[in-house]
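Before any comments, here is the structure.
The values are calculated or read from the model by the stated rules, or taken from the named source; none is laboratory data. Quick caveat, the model's predicted, so the values are computed rather than measured. Here Cβ is always computed from backbone atoms with ideal geometry, including for glycine, and neighbour counts include all displayed protein chains.
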Amino acid sequence: MTVPQISLNNGVSVPQVGLGVFQVPDDSTQVTVEKALELGYRHVDTAAGYYNEAGVGAAVRASGLPREELFVTTKLRNGDQGYESALRAFEDSRRALGLDVVDLYLIHWPVPSKDLYVETWRAFEKLYAEGAVRAIGVSNFLPDHLDRLLAESEVVPAVNQIEIHPTYRQPATVESGLRHGIVPEAYSPLGRGQDLEAAAVTAVATELGITPAQVVLRWHVQHGAIVIPKSVNPERMATNIDLFSFDLSDDHMAQIDALHRDDARIASDPATAAFTQFRS
C-alpha cells in the first residue's frame, strides 16, 4: 500500500492518510498501531492529552520499520501552554514516545482566554530550530488565531489540524490557512460516523461499489487535506487506507460539498474552549 505524501511548507513530507488514536486506551494502543503499520499506515497521530503516547512509541519500536519511514505527530496539552511549561511538556512527550525527534508537534487548542498561544509558539520555534521536531503546527486555530500568530512570530505553522467532515467543512478556516501555505489536516473526518448516513454519500458508495467511509475519506484526499481516521477494527483500518484505486467525479465532490452546514460542529468551539486536558 503506497499512500501519497503531502509536502509541508518547510519541505517535510507527510503521508496523506494516517491513523488517529483519540480515545484509544494506552493499554490497547500498541496492538492497534502495530496492526495499522502491518496494513500499510506510516503516519500516526497522538497527543499528550490522549494519554497513549507510550503505546504509540512501543508500536513504532516493535514494528521494526526504519524510523525514517514513519511519521509521528503529537500535541501539547492546553494546561501546558506557556514557554517554559511547553518545553518541559515536550520532553515528557518525547520520553513517553521514546523518540529522539518528533515529526510534527502541534499546539492542541488556542485557548484564547489564557492568551498564551503566541508565547507557546516561541517555545515551538525553539524546538524546531534545535531539530527536536521536524515540523511545527497548530490545531483548532480559527482565522483570527492564525492571523495573530503569523503577525507575532517567525515560523509559519506547517499544519492546522481542525474538525473537517462533509457536514462541517470550515471553508473560511481552511482558506485562511492555505493562503499562508498551511495544510489542513482533518480530524473527525467521518463526522464521528454521522456523515456516513447522508444520502449523497451512500448514493456515491452504491454507485462505485465502495463503503461510505471510503467515499468521505476519498473526498478529503481530493480536497488536498491530510486525514487521520480513527479505528481499532482491522477491517475498517484496511478499508480506510484503501482510497487510491478509485476517484470521485467533480459531480460527486459537489454533491458532498453541498452537505456543509455552519451549525454542524461536533467538537468544542475553539473560540471558547479552555479545558486543561489534565486527568482529574
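Hey, does the stretch 1-11 have a residue that's among the polar types (S, T, N, Q), assigned to a strand (DSSP E or B) and over 19 Å from residue 140 (Cβ atoms)?
Yes; the residues of the stretch 1-11 include at least one that is among the polar types (S, T, N, Q), assigned to a strand (DSSP E or B) and over 19 Å from residue 140 (Cβ atoms).
Could you grab me the full set of residues in the stretch 185-204 that are in contact with a helix residue (DSSP H, G or I) (Cβ under 8 Å, 6 or more places away or on another chain), outside any loop (DSSP other than H, G, I, E, B) and surrounded by 24 or more Cβ atoms within 10 Å (Cβ to Cβ)?
Scanning the stretch 185-204 gives 186, 195, 201, 204.
Every residue in the stretch 226-244 that is surrounded by fewer than 22 Cβ atoms within 10 Å (Cβ to Cβ), assigned to a loop (DSSP other than H, G, I, E, B) and of a type outside the set (S, T, N, Q), please.
232, 242, 244
Out of 67, 77, 61, I need the residue that is of a type outside the set (Asp, Glu), more than 25 Å from residue 11 (Cα to Cα), modelled with pLDDT of 95 or more and surrounded by fewer than 16 Cβ atoms within 10 Å (Cβ to Cβ). Which one?
Details: 67 fails: more than 25 Å from residue 11 (Cα to Cα); 77 fails: surrounded by fewer than 16 Cβ atoms within 10 Å (Cβ to Cβ).
None of the other options fit; the residue is 61.
For the list (1) among the polar types (S, T, N, Q); (2) free of Cβ contacts under 8 Å to residues at least 60 places away in the same chain; (3) out of contact with any Leu (no Cβ under 8 Å at 6 or more places or on another chain); (4) at negative phi, I need the number of the one condition that residue 170 fails.
Of (1) among the polar types (S, T, N, Q); (2) free of Cβ contacts under 8 Å to residues at least 60 places away in the same chain; (3) out of contact with any Leu (no Cβ under 8 Å at 6 or more places or on another chain); (4) at negative phi, only one is false for residue 170: (4).
Keeping to the stretch 33-55, report how many residues are under 21 Å from residue 16 (Cβ atoms), out of contact with any Pro (no Cβ under 8 Å at 6 or more places or on another chain) and not small (Gly, Ala, Ser).
Number of matching residues: 6.
Does any residue of the stretch 135-150 turn out to be outside any helix (DSSP H, G or I) and touching a Gly at 6+ places or on another chain (Cβ under 7 Å)?
no
For the stretch 205-219, give me each residue that is of a type in the set (A, V, I, L, M), buried (at least 17 other Cβ atoms within 10 Å of the Cβ) and part of a helix (DSSP H, G or I).
Within the stretch 205-219, 205, 213, 215, 216, 217 qualify.
Filter the stretch 115-138 for residues that are among the acidic types (Asp, Glu) and in contact (Cβ under 8 Å) with a residue 24 or more places away in the chain; which is surrounded by the fewest Cβ atoms within 10 Å (Cβ to Cβ)?
Per the criteria, the residue is 125.
When residue 231 is evaluated against the numbered criteria (1) more than 24 Å from residue 78 (Cβ to Cβ); (2) hydroxyl-bearing (Ser, Thr, Tyr); (3) without any contact (Cβ under 8 Å) to a residue 60 or more places away in the chain, which criterion, by number, is the only one it fails?
Every condition holds for residue 231 apart from (3).
Collect the residues in the stretch 97-114 that are surrounded by fewer than 20 Cβ atoms within 10 Å (Cβ to Cβ) and among the hydrophobic types (A, V, I, L, M, F, W, C), keeping them in residue-number order.
The one that is surrounded by fewer than 20 Cβ atoms within 10 Å (Cβ to Cβ) and among the hydrophobic types (A, V, I, L, M, F, W, C): 101.
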